[in-house]
Amino acid sequence: MIAIHWATAVLIVAAWFTAEGGRDVVKNPPMLHFSLGLAVLALMVPRMILRVAGQTPPALDEQRPWLATAAKIGHALLYGFLIGLPLSGWYAASRLGVSASFFGIGLPMIAAPVQGAPGLIAEIHENAGTLILYLAGLHALIAGWHHIVLRDGTLRRMSPL
């Protein structure tokens, strides 16, 4: 789970840096961006299986149930973005008439191409791409708060070292 966590973080940042917007996507599709975003989606499969199987570390702070509830809400929000962003990007690319690929493997279009703007989902995708960086930053700040203020070992549990 730790490896998946950090790989996901790296992929999100890399996908954001390789993003292209608007109709330029039709002329020069950002295939690396597509692949990185879809890799995030692919990592969500084992991540969700591990979560459902109970392979996530238990909450450390039993005395503050509101922290556990807030963590569950925060993780659910992040997971929604981690699934919704790649799917909405794939949808937006399809609406633009661009075939997405996953590291060279062509994927089918999941929506009919349109002339003009690809629609609301594409706009949401563009804005949500930046929003997930803010959420990830907030996630990191909260982890730092746990480590520095609460001293509860939360950050050490997710350390790759």
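The values are calculated or read from the model by the stated rules, or taken from the named source; none is laboratory data. Everything numeric here is computed off the predicted structure, so don't read it as measured data. All Cβ positions, even for glycine, are placed from backbone atoms using ideal geometry, and neighbour counts span all protein chains on display.
Return yes or no: is residue 19 within 29 Å of residue 161 (Cβ to Cβ), small (Gly, Ala, Ser) and surrounded by 15 or more Cβ atoms within 10 Å (Cβ to Cβ)?
no
Has the stretch 38-48 got any residue that is at pLDDT 90 or above, touching a strand residue (DSSP E or B) at 6+ places or on another chain (Cβ under 6 Å), assigned to a helix (DSSP H, G or I) and surrounded by 13 or more Cβ atoms within 10 Å (Cβ to Cβ)?
Yes - at least one qualifying residue is present in the stretch 38-48.
Do you know which residues across the stretch 7-30 are within 20 Å of residue 121 (Cβ to Cβ) and assigned to a helix (DSSP H, G or I)?
Selection gives 12, 15, 16, 24, 25, 26.
Go through the stretch 110-147 and count every residue that is in contact (Cβ under 8 Å) with a residue 12 or more places away in the chain and either over 24 Å from residue 8 (Cα atoms) or loosely packed, with under 12 Cβ neighbours inside 10 Å (or both).
Result for the stretch 110-147: 7.
If you go through the stretch 71-82 one residue at a time, do you hit one that is closer than 21 Å to residue 31 by Cβ, of a type outside the set (Asp, Glu), at pLDDT 90 or above and surrounded by 11 or more Cβ atoms within 10 Å (Cβ to Cβ)?
Checked against the condition, which is being closer than 21 Å to residue 31 by Cβ, of a type outside the set (Asp, Glu), at pLDDT 90 or above and surrounded by 11 or more Cβ atoms within 10 Å (Cβ to Cβ), the stretch 71-82 yields at least one hit.
Taking the condition under 13 Å from the mean Cα position of the chain (by Cα) and either closer than 17 Å to residue 29 by Cα or hydrophobic (A, V, I, L, M, F, W, C) (or both), does residue 131 pass?
Yes, satisfied.
Here's a check for you: in the stretch 2-43, which residue that is touching a Pro at 6+ places or on another chain (Cβ under 8 Å) and of a type outside the set (Gly, Ala, Ser) is nearest to residue 100 (Cα to Cα)?
38
When the residues of the stretch 102-121 are narrowed to those that are touching a helix residue (DSSP H, G or I) at 6+ places or on another chain (Cβ under 9 Å) and at pLDDT below 90, which ends up farthest from residue 6 (Cα to Cα)?
If we take residues in the stretch 102-121 being touching a helix residue (DSSP H, G or I) at 6+ places or on another chain (Cβ under 9 Å) and at pLDDT below 90, then 117 is farthest from residue 6 (Cα to Cα).
With respect to residue 67, is the statement that it is farther than 25 Å from residue 42 by Cα and either under 13 Å from the mean Cα position of the chain (by Cα) or of a type outside the set (D, E, K, R) (or both) true?
yes
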